[in-house]
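Each remark here refers to the structure printed beneath this line.
The values are calculated or read from the model by the stated rules, or taken from the named source; none is laboratory data. If you're wondering where the values come from, they're calculated on a predicted model, not measured in any experiment. Note that each Cβ is placed from the backbone with ideal geometry, even for glycine, and that neighbours are counted across all protein chains shown. Just so you know, the surface numbers come from the protein's heavy atoms only, side chains and all, with ligands and any DNA or RNA stripped out. Shrake-Rupley method; radii C 1.70, N 1.55, O 1.52, S 1.80 Å.
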Amino acid sequence: MVNVIGLGYIGLPTALMMASHGVEVVGTDYNKEIVATLNAGQTTFEENGLDDLFDAALEAGIKFSTEYQVTDTYIVSVPTPYDKFSKKVDACHVVAAVENVMEVCPKGATVVIESTISPGIIDKYVRPVIEDNGFHIGEDINLVHAPERIIPGNMVYELLHNNRTIGADNHEIGEKVKTLYASFCQGEIVLTDIRTAEMTKVVENTFRAVNIAFANELAKICRHDNMDVYEIIRICNMHPRVNILQPGPGVGGHCISVDPWFLVGDYPSLAKVIDESMKTNDGMPDFVLNRIYEIMKEKGLTDISRVGLYGLTYKENVDDMRESPTLQLLESQERHLATGLKVYDPFIKKDVVKNQYHDLDSFLGDVNMVVVMVKHNEIKENMAKLTDKVVLDCHNIIDLPGVCYI
Ligand code: SAJ
């Protein structure tokens with residue numbers, strides 16, 4: 001039996017996927033509300049294909065509990081927040097989860113850490129917890145790092161098809177865990193050591209952050225001299241060895257906007273490009289705010305409360321708002337002592353910010369200018385409703401005359 005610890009964005013789909021592929025699974029979370037919701041037959045967040053996967057897992061007998069289970073395999077999938085000042089991983093949840101596992105696990109158990117951590121976290125924080133509990137790693141407890149790679153919005157497909165990395169102290173244990181993941185994963189599963197696995201995960205997200213920063217910097221350069229960044233990127237990408245990403249209003253989520261900081265925090269004098277890239281991405285919400293003021297001036301709009309931000313989530317078609325560019329922009333606006341922007345997101349049902357709307361038509365009815373912060377399908381499908389608005393399109397998706405860009 002596998003006990004998946006942490007039933008959030010990664011733990012839940014992983015637990016469901018294993019259960020629906022014949023593995024006996026108990027999912028554990030200390031949050032009683034999450035466990036109660038799952039036990040009542042409902043999923044806890046919106047994700048393509050998650051509800052069907054949930055039904056399949058229930059049918060296969062998955063259980064959810066607030067208790068850690070006595071079993072031979074644990075998958076730890078708890079959050080790893082980062083400390084904004086030191087720019088380092090805060091491993092407190094991982095450490096607490098492993099402590100709890102140590103209280104119930106039998107000798108011979110395998111502990112797989114799936115949470116994203118920076119290189120060295122397992123040596124520095126996880127091994128000592130196991131040893132302090134009287135276990136010998138490699139004899140009494142096997143330790144493995146299997147970082148996830150799935151992308152919100154396409155998690156179910158990517159869980160099935162992505163290649164994976166498994167870092168283990170010895171090959172035999174790596175093979176055992178590989179067999180477990182191979183129960184559902186159709187991609188290639190690479191075995192390596194724990195330190196390499198830790199590093200690859202952070203490097204993958206850093207690669208994307210740096211490349212997004214490059215696109216964002218191009219957008220700023222092109223804005224400065226009134227050039228069309230999208231056309232330039234489109235043409236450049238026709239070169240066989242050029243593949244530039246898209247500029248946007250900022251980088252959100254708990255991965256790309258966070259993980260690269262771990263390298264800056266650990267190697268401050270070496271990670272220069274990464275440091276600058278992260279600052280470029282973090283500066284984008286402010287850049288958009290300046291664009292809003294600039295466009296208002298150009299169009300003769302004076303009332304900021306007639307400007308609406310479309311989208312609150314960190315990216316399209318998900319309900320996750322962590323580190324979202326819109327939230328960053330609103331914070332920045334408050335720092336400038338200017339409030340009043342209206343906000344709407346079809347995926348955010350609760351009131352989370354001031355002046356928030358819950359349906360598109362009333363939102364559009366109350367604004368003269370719309371800033372497309374997130375490219376949800378809804379806005380693409382309702383483009384015609386924007387014809388009489390001033391539009392600042394931060395993603396180049398609104399195909400209407402007169403649209404403004406970042
Ligand atoms: N973004 C841009 N321009 C682009 C692409 C993305 O501005 O061209 C922005 C998005 O709007 C969003 C942010 O970047 O705000 C991050 O979105 P994303 O779709 O690039 O990535 P995440 O954070 O949803 O998921 C990433 C993925 N990592 C990589 O692609 C290397 C995913 O595979 C990881 O599993 C995930 O991080 C994670 O959990 O670490």
- Looking only at segment 230-260, count how many residues are small (Gly, Ala, Ser) and within 25 Å of PRO119 (Cβ to Cβ). 3
- Unique match (being open to solvent by 40 Å² or more (accessible area, probe 1.4 Å), more than 7 Å from the ligand (Cβ to nearest atom) and either assigned to a loop (DSSP other than H, G, I, E, B) or touching a residue at least 24 places away in the same chain (Cβ under 8 Å) (or both)) among ARG234, ARG208, ARG241: ARG241
- Item | Set ALA19, ALA36: member being away from the ligand (no atom under 16 Å from the Cβ), of a type in the set (A, V, I, L, M, F, W, C), open to solvent by less than 20 Å² (accessible area, probe 1.4 Å) and not in a loop (DSSP other than H, G, I, E, B) | ALA19
- Working only within segment 244-261, note down all residues that are surrounded by fewer than 24 Cβ atoms within 10 Å (Cβ to Cβ) and farther than 24 Å from ASP319 by Cβ. ILE244
- Task: Of all residues in segment 125-144, count the ones that are assigned to a helix (DSSP H, G or I), under 26 Å from GLU204 (Cβ atoms) and open to solvent by less than 50 Å² (accessible area, probe 1.4 Å).
- Result: 2
- Task: Could you list, in sequence order, all residues of segment 47-59 that are open to solvent by less than 70 Å² (accessible area, probe 1.4 Å), part of a loop (DSSP other than H, G, I, E, B) and either in contact with a Gly (Cβ under 8 Å, 6 or more places away or on another chain) or under 20 Å from ARG322 (Cβ atoms) (or both)?
- Result: GLU47
- Residue check, MET199 within 15 Å of the ligand (Cβ to nearest atom) and modelled with pLDDT of 95 or more: yes
- Item | From the options VAL94, VAL126, VAL89, VAL104, residue that is touching a helix residue (DSSP H, G or I) at 6+ places or on another chain (Cβ under 6 Å) and closer than 22 Å to VAL2 by Cβ | VAL126
- Note on the structure: Of those in segment 365-397 that are of a type in the set (A, V, I, L, M, F, W, C) and away from the ligand (no atom under 16 Å from the Cβ), the residue farthest from PRO346 (Cα to Cα) is VAL390
- Item | Filter result for THR66 (within 19 Å of PRO79 (Cα to Cα) and surrounded by fewer than 23 Cβ atoms within 10 Å (Cβ to Cβ)) | yes
- Of the residues ILE304, ILE295, which single one is farther than 24 Å from TYR82 by Cβ, at pLDDT below 95 and more than 11 Å from the ligand (Cβ to nearest atom)? ILE304
- Note on the structure: Output for Cβ contacts, cut-off 6 Å, separation at least six or different chains, first residue touching a residue at least 60 places away in the same chain (Cβ under 8 Å) in segment 47-72, second among the polar types (S, T, N, Q) and outside any helix (DSSP H, G or I), reads LEU50/THR43; TYR68/THR28; GLN69/ASN3; THR71/ASN3
- Any idea how many residues of segment 262-282 are open to solvent by less than 40 Å² (accessible area, probe 1.4 Å) and away from the ligand (no atom under 13 Å from the Cβ)? 6
- Note on the structure: Inside segment 60-96, the number of residues satisfying the requirement of being under 21 Å from the mean Cα position of the chain (by Cα) and outside any loop (DSSP other than H, G, I, E, B) is 9
- Set ASP169, ASP83: member being farther than 30 Å from TYR314 by Cα and open to solvent by 10 Å² or more (accessible area, probe 1.4 Å): ASP169
- Does LYS349 count as under 24 Å from the mean Cα position of the chain (by Cα) and free of Cβ contacts under 8 Å to residues at least 12 places away in the same chain? yes
- Message: Looking at segment 158-178, can you tell me whether even one residue there is under 19 Å from the mean Cα position of the chain (by Cα) and either under 24 Å from ARG127 (Cβ atoms) or among the hydroxyl-bearing types (Ser, Thr, Tyr) (or both)?
- Response: yes
- Looking at (1) buried (at least 18 other Cβ atoms within 10 Å of the Cβ); (2) within 16 Å of the ligand (Cβ to nearest atom); (3) assigned to a helix (DSSP H, G or I), find the lone condition where PRO147 falls short. (3)
- For segment 22-38, pairs from a residue that is over 16 Å from ILE10 (Cβ atoms) to a residue that is open to solvent by 60 Å² or more (accessible area, probe 1.4 Å), with Cβ under 6 Å and 6 or more apart or across chains, are GLU24/MET1; VAL26/LYS63
